[in-house]
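Let me begin by presenting the structure, written as structure tokens, before commenting on it.
The values are calculated or read from the model by the stated rules, or taken from the named source; none is laboratory data. Values in this document were obtained by computation on a predicted structure and should not be read as measured data. Here the Cβ positions follow ideal geometry from the backbone for every residue, glycine too, while neighbour counts run over all protein chains shown.
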Amino acid sequence: MCKFCENFDFGSTGYANILGGYKVYFASHAGGVPEEERFKFCPVCGRDLSAASAEEMKLSFVKHQEADKDGRHYVRDTYTIDEYTIEVDDTIYEDGATYHRITVIRPYNRIGEERYIPEINYCDGYFEHREPHFSIQTTSYGSLESEDYKLFLKAQEKAMKVVEILTKELIAEQ
Ligand SMILES: [Zn+2]
């Protein structure tokens, strides 16, 4: 997202066939342009403005679980974001030591455009002496026809956005 599309009201601008020629027009009031006559992409950064991608991607809390077993206390918070399910686990040992883990789960059955959804991994960075972080697993699908390639790119872009949000919500703000 760029400064322009962050601030511009795309609902105020449309294109239409007016008297036999295509023209860009401005509605008299904000949001006055019908959905089908609005621009589909930001003219500055190229961001996809269509309903699906414009829909705000966010981390939604699903449930909180706690259990005691073998002298350990287990806490799990479950979230969803886009097609992923996130489990944030804390295992608290008797001596008070805590083991923190985040698991990012892809949809189990990945059919249609879901087949390109990449795996996202959490690394606590402990052994590398670095900050916790997420990484996106890459894989080769061989050669793809352009329609499939578009789906592939879309899934990777969404995964990047998911990582950005997870980093902000689950790592940076801890
Ligand atoms: Zn933009």
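Mind listing whichever residues of segment 1-20 are part of a helix (DSSP H, G or I) and charged (D, E, K, R)? Steps first, please.
So the first thing to find is which residues in segment 1-20 are part of a helix (DSSP H, G or I), and the list is 3-7, 10-12.
Within segment 1-20, K3, E6 qualify.
Residues are listed down the side, and each one gets a yes or a no for (1) over 22 Å from I165 (Cα atoms); (2) not basic (K, R):
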{"position": "I111", "(1), (2)": "yes, yes"}
{"position": "Y116", "(1), (2)": "no, yes"}
{"position": "N121", "(1), (2)": "no, yes"}
{"position": "D124", "(1), (2)": "no, yes"}
{"position": "G142", "(1), (2)": "yes, yes"}
{"position": "K150", "(1), (2)": "yes, no"}
In segment 5-37, anything charged (D, E, K, R) and more than 24 Å from the chain's Cα centre (by Cα) is listed as K23, E36, E37
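Each row is one residue, and each column tells you yes or no for (1) aromatic (F, W, Y); (2) under 25 Å from L49 (Cβ atoms); (3) surrounded by 12 or more Cβ atoms within 10 Å (Cβ to Cβ).
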site: H100; (1), (2), (3): no, no, yes
site: T139; (1), (2), (3): no, no, no
site: F152; (1), (2), (3): yes, yes, yes
site: K161; (1), (2), (3): no, yes, yes
Taking T78 as the residue in question, decide whether it is without any contact (Cβ under 8 Å) to a residue 40 or more places away in the chain, surrounded by 14 or more Cβ atoms within 10 Å (Cβ to Cβ) and within 16 Å of the ligand (Cβ to nearest atom).
-> no
Conditions (1) at positive phi; (2) modelled with pLDDT of 90 or more -> G125 fails only (2)
Might you check whether a residue that is more than 16 Å from the ligand (Cβ to nearest atom), loosely packed, with under 14 Cβ neighbours inside 10 Å and at pLDDT 90 or above occurs anywhere in segment 40-58?
-> no
Output for Cβ contacts, cut-off 8 Å, separation at least six or different chains, first residue assigned by TED's automatic domain parsing to the domain that holds P107 in segment 152-166, second assigned to a helix (DSSP H, G or I) and aromatic (F, W, Y), reads F152/Y116; K154/Y116; A155/Y116; Q156/Y116
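Residue by residue, here is whether (1) closer than 27 Å to F134 by Cβ; (2) within 16 Å of the ligand (Cβ to nearest atom); (3) basic (K, R) holds:
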{"position": "K3", "(1), (2), (3)": "yes, yes, yes"}
{"position": "F8", "(1), (2), (3)": "no, yes, no"}
{"position": "G11", "(1), (2), (3)": "no, yes, no"}
{"position": "G14", "(1), (2), (3)": "no, no, no"}
{"position": "F26", "(1), (2), (3)": "no, no, no"}
{"position": "R38", "(1), (2), (3)": "no, yes, yes"}
{"position": "F61", "(1), (2), (3)": "yes, no, no"}
{"position": "A67", "(1), (2), (3)": "yes, no, no"}
{"position": "Y74", "(1), (2), (3)": "yes, no, no"}
Being surrounded by 12 or more Cβ atoms within 10 Å (Cβ to Cβ), assigned by TED's automatic domain parsing to the domain that holds D90, farther than 22 Å from E87 by Cα and at pLDDT below 90 narrows E147, E113 down to just E113
Test each condition in (1) over 14 Å from L166 (Cβ atoms); (2) of a type outside the set (V, I, T); (3) in a strand (DSSP E or B) for E128 and report the one that comes out false.
-> (3)
